[in-house]
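Enquirer: This is the structure I want to talk about, given as structure tokens.
Each value in this text was obtained by applying a stated rule to the coordinates, not by laboratory testing. Bear in mind that the values here come from a model prediction, so they are computed numbers and not experimental data. Reconstructed Cβ throughout: ideal geometry from the backbone, glycine too, with neighbour counts over all protein chains shown.
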Amino acid sequence: MTTYENADPWGALADRTRRTIFKRLAGGPLAVGELADGLPVSRPAVSQHLKVLRRAGLVTDRQVGTRRLYQVDPHGVEALRAELDVFWDQALTAFKQIADDEGKRS
């Protein structure tokens, strides 16, 4: 698996296992072992996936006693949302232009 310094969050989420981990973390903080339960990858592989998500700004971690808990970073989600909003606005503007052009032809 490739690791990225300041990885692109969209690239980080392109991997199905990382998306699954990210979705699980949306429900609240979890440790690596809890995240690995039910996944077809080992705990060390989950740790590597978390490393990619963390470098992409999508996940943070903190030490709680002897465990390290991971959680979704709201700032990373906000950045993804902002990018989607720009895309959505552009798509709606283009759709409106097409509808207006069609209306003028009628």
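Enquirer: Need pairs with beta-carbon distance below 8 Å; first residue at positive phi and within segment 55-74, second surrounded by 19 or more Cβ atoms within 10 Å (Cβ to Cβ) and in a loop (DSSP other than H, G, I, E, B); sequence gap 6+ or separate chains.
Expert: Matching pairs, first to second residue: 57/73.
Enquirer: Can I ask one more? Just one of the numbered conditions (1) over 16 Å from residue 12 (Cβ atoms); (2) in contact with a Ser or Thr (Cβ under 8 Å, 6 or more places away or on another chain) is not true of residue 73; which one?
Expert: Only one criterion is unmet by residue 73, namely (1).
Enquirer: Given the conditions (1) surrounded by fewer than 17 Cβ atoms within 10 Å (Cβ to Cβ); (2) in a helix (DSSP H, G or I), and given that residue 39 satisfies all but one, which numbered condition is not satisfied?
Expert: (2)
Enquirer: Quickly run through segment 56-87 and pick out the residues that are surrounded by 12 or more Cβ atoms within 10 Å (Cβ to Cβ) and within 14 Å of residue 26 (Cα to Cα).
Expert: If the condition is that a residue be surrounded by 12 or more Cβ atoms within 10 Å (Cβ to Cβ) and within 14 Å of residue 26 (Cα to Cα), then 58, 59, 60, 61, 69, 70, 71, 72, 73, 76, 77 are the ones that fit.
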